[in-house]
Structures are given as structure tokens and as C-alpha cells.
1. If you stretched the chain out fully between residue 21 and residue 5, how much longer would it get, using 0.36 nm times the residue separation minus the C-alpha to C-alpha distance?
2. Return the distance in nm (one decimal) between the two label points of a simple spin-label model at residue 109 and residue 32, each offset 7 Å from Cα along Cα→Cβ.
3. So how many Å³ per residue does the convex hull of the Cα atoms of the chain work out to?
4. Taking the number of other C-beta atoms within 10 Å as the exposure measure, put 5, 31 in order starting with the fewest.
5. From Cα pairs below 8 angstrom and at least 6 apart in sequence, can you work out the relative contact order of the chain, rounded to a whole percent?
6. Sort 91, 30, 78, 22 so the one with the fewest other Cβ atoms within 10 Å of its own Cβ comes first.
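We did not get these values from a lab; they are worked out from the coordinates using the rules stated. On a predicted model such as this, the values are computed, not experimentally measured, just so you know. Here the Cβ is made from the backbone with ideal geometry for all residues, glycine too, and neighbour counts use every protein chain on show.
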Ligand code: 5GP
Ligand code: ZN
């Protein structure tokens, strides 16, 4: 998956504003933020969508959510609230085929989503 843009960000080949990283995950600011906080958390390993996630990815998904909470808490959004979203496939508007968790906060987020 040499050409995958998020794999390239994870490898440091494309600049991004990284807010967290560890051996499994990288989190960086979305280039086109939809809220005052709009962070993307990605696994370092290439997984094209939630549908491609195997049993070996289960821990990683749990960790991504824990990291999302940690990032939100650091910014004070534990008090005001925040949202974690995964878009999967065309109808959901997934535009990058590498699993990513959007972490949004800092404004009232509408529901149902558009
Ligand atoms: P999706 O639409 O697939 O759920 O979300 C993809 C997200 O990746 C979008 O919010 C888009 O702004 C973001 N994005 C796409 N390319 C880049 C990039 O090169 N750098 C960063 N930081 N974000 C990107
Ligand atoms: Zn990838």
C-alpha cells in the first residue's frame, strides 16, 4: 500500500500535524477540519475500511477509542462533549480507503448526521 496517503502520513513521508503516536496508532489534525477539534486516528497497518478489519484489529479499535478520549480530555472536551465517527463506504462518504476514526469536538454537533 505504498501509495495510500494515510500509510504515507503514518510513515512520515507526507507532512501532517501529529498530535499523538505510538507503535500501533497515529493521530493528526484533519487537513479540512469540520469542528474546532478534528483529529484523525489511524492504525499504522493498512486496513482499508471497517469491513476489512480482522480479529487481529480488535485491540487496535479499542485503543483508538481510548486515545480519542484522551485527546478530547486534554483539550477540555470531556466536559462539553465530542464525537468519534468512522465513515465506511460510499453512502457514508468515506474518501480515504485507510481506516480512520474522526474525533470531533468544540461545537454542538448535529444529529442525525447529514
Ligand atoms: P473520510 O471522508 O474518508 O471519512 O475522511 C477522510 C478525511 O481525511 C477528510 O476529513 C479529509 O479532510 C482528510 N484528509 C484527506 N487527505 C488528507 C491529508 O493529506 N492530510 C490530512 N491531515 N487530512 C487529510
Ligand atoms: Zn493505508
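1. 4.1 nm
2. Spacing of the two 7 Å Cα→Cβ label points: 1.8 nm.
3. Spelled out: Cα convex hull of the chain, divided by residues, is 108 Å³.
4. With the fewest neighbours first, 5, 31 line up as 31, 5.
5. The value is 29 percent.
6. By the 10 Å Cβ count, ascending, the order reads 91, 22, 78, 30.
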